[in-house]
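Chemist: Below you will find the structure I want to go over with you.
The values are calculated or read from the model by the stated rules, or taken from the named source; none is laboratory data. Please read all numbers here as calculations on a predicted model, not as lab measurements. All Cβ positions, glycine included, derive from the backbone under ideal geometry; neighbour counts span all protein chains shown.
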Amino acid sequence: MSNTEDKLAQLIKDEIAAIDESNPAVRLAELSTALRFAGGLHLISGKIAVEAEFDHKPSATRFRNVIHGHFGFRSAAAISAPTSTKKYESYIVRVAENGEALARHTGLLDSRRRPVRGLPNKLTTSHISETVGILRGAFLARGTMTDPGRAQYIEFVAPSNEAAMALVGACGRMGVSAKARDVRGGFRVVIREPESVSQFLEACGAHESLKSWLEIRSRREVRANANRLVNFDDANLRRSAQAAVAACTRVERAFEILGDSVPEHLAYAGKLRLEHREASLDELGHYADPVMTKDAVAGRIRRLLALADKHARDNGLPTTDFGVIDE
């Protein structure tokens with residue numbers, strides 16, 4: 001991730017992790033989703049333990065507090081240093097002594113002690129208010145935010161296709177358009193549309209992060225529009241310059257072909273063109289005495305070239321296009 005992406009994701013996670021959620025059902029939904037997306041089940045001395053790894057320390061602290069406050073279970077914490085495949089240190093939360101009880105209560109195990117591949121059914125069919133907890137838990141566990149002004153999307157790494165589809169469904173319940181993708185054997189959930197990104201942040205309660213994201217996105221769009229206008233103007237200037245060079249070359253050739261037989265009014269327009277090589281037709285009209293419209297100037301130069309081309313063809317000479325470089 002780029003520095004901007006890191007800052008955006010950290011800003012959102014900082015704000016969500018600091019939310020004081022009073023509804024215990026929403027807190028449990030957050031915890032269940034976070035453990036499903038960031039965690040797994042392990043056997044330690046024949047007992048089931050729950051372990052989850054986070055890239056955000058306040059998130060790890062938040063879920064340790066929920067585990068202790070909601071169930072009274074103690075958890076251990078550890079820091080995993082960066083490696084060649086992982087650029088950032090991570091924070092591991094482990095519940096060993098009451099791991100199986102926590103796994104059952106949070107839906108990691110079903111009633112027959114089998115691991116659940118998606119999210120618990122009671123969670124995916126819960127009240128809409130608990131769906132907010134699903135979105136928060138998924139983002140704190142495995143959510144990232146790309147740089148506004150580029151692709152502009154939120155992405156989650158899911159542990160299984162079932163978990164990815166469950167998250168897509170939870171997003172849909174909140175009016176957020178999300179899609180599941182299978183990327184190189186891994187499962188992703190992507191919220192790509194800017195309106196849905198805004199809706200997601202609003203639903204999670206990340207209001208300050210939403211303001212910051214919209215401001216950054218607005219600045220990038222203004223800059224991109226300005227760059228497009230500059231490039232457009234540059235292209236127009238290049239085309240105008242090329243047209244002026246070609247016109248001067250053809251006028252010079254017309255004078256060579258016609259010699260002293262050029263009608264006076266056409267010769268005047270041609271000389272204006274040669275005397276002010278970089279001027280536009282409108283500017284040439286202002287240089288004329290008396291002043292002429294740009295259409296009048298263009299018409300006289302056009303007739304001069306046509307007269308010279310006819311004379312050249314009649315006498316087997318190269319026309320005014322001879323020597324003009326085709327851009």
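Chemist: Looking at (1) modelled with pLDDT of 90 or more; (2) hydroxyl-bearing (Ser, Thr, Tyr); (3) under 27 Å from Phe322 (Cβ atoms), which is the one condition that is false for Thr249?
Modeler: Failed condition: (1).
Chemist: Under the condition of being of a type in the set (S, T, N, Q) and surrounded by 15 or more Cβ atoms within 10 Å (Cβ to Cβ), which residue from region 97-139 is farthest from the chain's Cα centre (by Cα)? Show your work before the answer.
Modeler: The initial filter retains those residues of region 97-139 that are of a type in the set (S, T, N, Q), namely 98, 106, 111, 121, 124-126, 129, 131.
The next check asks that each one be surrounded by 15 or more Cβ atoms within 10 Å (Cβ to Cβ); those that pass are 98, 106, 124, 126, 131.
Values: Asn98: 43, Thr106: 35, Thr124: 29, Ser126: 32, Thr131: 26 Å.
Restricting to residues being of a type in the set (S, T, N, Q) and surrounded by 15 or more Cβ atoms within 10 Å (Cβ to Cβ), the top hit is Asn98.
Chemist: Can I ask one more? Lys13: under 30 Å from the mean Cα position of the chain (by Cα), within 26 Å of Trp213 (Cβ to Cβ) and free of Cβ contacts under 8 Å to residues at least 40 places away in the same chain, yes or no?
Modeler: Working: under 30 Å from the mean Cα position of the chain (by Cα): yes; within 26 Å of Trp213 (Cβ to Cβ): yes; free of Cβ contacts under 8 Å to residues at least 40 places away in the same chain: no.
Answer is no for this residue.
Chemist: Give the residues of region 293-322 that are hydrophobic (A, V, I, L, M, F, W, C), closer than 26 Å to Arg238 by Cβ and not in a helix (DSSP H, G or I), sorted by residue number.
Modeler: Scanning region 293-322 gives a single hit, Phe322.
Chemist: Here's something else I'd like to know. Take the residues of region 141-153 that are within 18 Å of Ser212 (Cβ to Cβ) and either buried (at least 24 other Cβ atoms within 10 Å of the Cβ) or among the acidic types (Asp, Glu) (or both): which is modelled with the highest pLDDT?
Modeler: Result: Gly143.
Chemist: Considering only region 260-272, I want to know if a residue exists there that is of a type in the set (D, E, K, R), surrounded by fewer than 20 Cβ atoms within 10 Å (Cβ to Cβ), in contact (Cβ under 8 Å) with a residue 12 or more places away in the chain and under 23 Å from Phe322 (Cβ atoms).
Modeler: no
Chemist: Considering region 16-32 alone, what residues qualify as being under 13 Å from Ala141 (Cβ atoms) and either of a type outside the set (A, V, I, L, M) or surrounded by fewer than 21 Cβ atoms within 10 Å (Cβ to Cβ) (or both)?
Modeler: Hits for region 16-32 are Ala17, Glu30, Ser32.
Chemist: Residues Asp282, Asp260, Asp295, Asp289: which one is modelled with pLDDT of 90 or more and acidic (Asp, Glu)?
Modeler: Values: Asp282 fails: modelled with pLDDT of 90 or more; Asp260 fails: modelled with pLDDT of 90 or more; Asp289 fails: modelled with pLDDT of 90 or more.
Result of the check over Asp282, Asp260, Asp295, Asp289: Asp295.
Chemist: Those residues that are crowded, with 24+ Cβ neighbours inside 10 Å and hydroxyl-bearing (Ser, Thr, Tyr), I need them from region 33-56; list them, please.
Modeler: Scanning region 33-56 gives a single hit, Thr33.
Chemist: Identify the residue in region 274-284 that is under 48 Å from the mean Cα position of the chain (by Cα) and part of a helix (DSSP H, G or I) and, among all such residues, is surrounded by the most Cβ atoms within 10 Å (Cβ to Cβ).
Modeler: The first filter runs over region 274-284 and keeps only residues under 48 Å from the mean Cα position of the chain (by Cα), leaving 276-284.
The next check asks that each one be part of a helix (DSSP H, G or I); those that pass are 281-284.
Values: Leu281: 20, Asp282: 13, Glu283: 13, Leu284: 22.
The selected residue is Leu284.
Chemist: Then there's this: How many of the residues making up region 199-216 are surrounded by fewer than 16 Cβ atoms within 10 Å (Cβ to Cβ) and within 16 Å of the chain's Cα centre (by Cα)?
Modeler: Qualifying residue count for the region: 2.
Chemist: Could you pull out the residue among Ser59, Ser75, Ser80, Ser84 that is touching a Leu at 6+ places or on another chain (Cβ under 7 Å) and among the polar types (S, T, N, Q)?
Modeler: On the way: Ser75 fails: touching a Leu at 6+ places or on another chain (Cβ under 7 Å); Ser80 fails: touching a Leu at 6+ places or on another chain (Cβ under 7 Å); Ser84 fails: touching a Leu at 6+ places or on another chain (Cβ under 7 Å).
Exactly one residue qualifies, and that residue is Ser59.
Chemist: Condition check: of a type outside the set (Lys, Arg) and within 24 Å of Ala9 (Cβ to Cβ). Does Gly118 satisfy that?
Modeler: Working: of a type outside the set (Lys, Arg): yes; within 24 Å of Ala9 (Cβ to Cβ): no.
It is false that Gly118 is of a type outside the set (Lys, Arg) and within 24 Å of Ala9 (Cβ to Cβ).
Chemist: Against the definition (modelled with pLDDT of 85 or more and over 30 Å from Ile301 (Cβ atoms)), how does Arg220 come out, yes or no?
Modeler: no
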